[in-house]
Amino acid sequence: MDRKLKLLISDDSKLLRKKLRSELEALDCEVIEAENGKEAILKEMNEKPDGVILDIVMPEVGGIEALQVIREVSPEVPVVMLSSAGTPQKLMQTLKMGAIDFIQKPYSSDQIKKAVEQIRKRAAKNE
Amino acid sequence: MNRRYLAQRLLNEGHLSQKELAELLRQRSFGAFEKAAASLEGTDEHPAMTAVRRLAGPELQIEVEAYSEYMELLMDSLMDFLEAPAVIDTQMVPPDETSAVFYAVSQRMDGDMSIVSGIMAESREFAELATRYSEEQFDAPEDEYAMDSLEEFLNVVNGVFSVREAVKDEEIDLEVPRHGKLMNPMGNQQLVLRVYADFGMFYVVLASDEFM
């Protein structure tokens, strides 16, 4: 890819979005933010990101519902779950639904870097 | 046994008073805990759990195991994520002590068991907790990111708790954290604990339903 990777991050924590934005921008990504699942669905449809990083516990529409809709609307878009709710059941459920990875909070920079690389590879294939 | 566990044991077994403990934590004089440890007999690998078990009355017979496991995780997390050595006070918190207005965050965990956990603190201690978790400087809880920081800390701790419970086939889901000002938390099956850390004192509230 010879352009910046465009990523949508959805988390109700403004602080987490700020920190994650900073890390993703350092990895040469363009970042769009959503503060809940409903906003994530709308922004995914309107902004057409290359990938989505999605929290699970969010107000209005949660991450699992948002994942389901995004997979239906844009099945080719890679989604990485980033959540504190990393029980084996949630992990299996979201991977079965099509998420490509699940990062348990608190995350490390290496985990984010790896997720970005996975999304970059998928996005390159989709082009 | 690490120094914080030693401090909890020394308090549990009456070798240190609250005042002495608070002062040693404030000065981060951990060597003093090791010196005093010579007076300890027997072993206790889970002194935080012991403290909670002693504070929980017979009315919390069902909840006490979950509450004590939760508190051990929270105390470990304060050290791991905030570098804040902390110890649970062994004295009950009288209701009138929490009748002032505190800054608070809480989160409900629901499913095979129902627990709401929360942290309440006065302005300075709340800002310090938020500062340490986020590694950003907050001078007051009203800072737009300060509440967010402590909500996220609680969310991360509760996420780890839910994973540990899942291993025991107890499925619990996290709800969205809440924040605000709180006086007199009023939950069912409630336990209010006073926690001393190196930067001051705050409260942890555990209940079976929302207390904010």
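The values are calculated or read from the model by the stated rules, or taken from the named source; none is laboratory data. These numbers come from a predicted model, not from an experiment. In this analysis, Cβ positions are derived from the backbone assuming ideal geometry, glycine residues included, and neighbour counts consider all displayed protein chains. In case anyone asks, the SASA skips ligands and DNA or RNA and just uses the protein heavy atoms, side chains included. Shrake-Rupley method; radii C 1.70, N 1.55, O 1.52, S 1.80 Å.
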When each of A:Lys19/A:Lys114; A:Lys14/A:Lys105; A:Lys105/A:Lys125 is checked by Cα-Cα distance, pairs over 23 Å: A:Lys105/A:Lys125
Carbon plus sulfur fraction of accessible area for the protein assembly as shown, probe 1.4 Å, in percent: 48
The protein assembly as shown - mean residue ellipticity at 222 nm from DSSP helices (-39,500 (n - 2.57) per run, n ≥ 4, rounded to 500): -14000 deg cm²/dmol
Shielded by partner chains, segment B:169-192 residues - at least 50 Å² of accessible area, 1.4 Å probe, vs chain alone: B:Glu171, B:Val176
Zero-based 5 Å bins, Cα pair distances in segment B:3-207, whole percents: 1, 8, 16, 20, 21, 17, 11, 5, 1, 0
Accessible area in square angstrom per residue, segment A:1-114, 1.4 angstrom probe: 43
Percentage, to the nearest whole number, of Cα pairs in segment B:1-83 over 16 Å apart: 55
Isotropically averaged projected area of the protein assembly as shown, using the convex hull of Cα atoms (one quarter of hull area), nm²: 17.8
Sequence-distant lysines (8 or more away, or on other chains) whose Cα lies within less than 16 Å of B:Lys168: A:Lys90
Shape category assigned to segment B:92-212 from the gyration tensor of Cα positions, a/c cut at 1.5: oblate
Nearest-10 value in Å² for the accessible area of A:Asp50, using the 1.4 Å probe: 20
Interface size B-A, as summed buried accessible area [1.4 Å probe, Å², nearest 100]: 1800
Heavy-atom accessible area per residue - segment B:3-207, 1.4 Å, Å²: 43
Residues of type aspartates and glutamates that B:Lys35 reaches as a straight line, Cα spacing below 17 Å, ignoring anything fewer than 8 places off in the same chain: B:Glu13, B:Glu20, B:Glu23
More than 26 Å apart - percent of Cα-Cα pairs taken over segment B:20-137: 28
Peptide A:95-106 - average C-beta neighbours from other chains (10 Å radius): 2
Orientation-averaged projected area, Cα convex hull of chain A (nm²): 6.7
For A:22-35, mean number of other protein chain Cβ atoms within 10 Å: 0
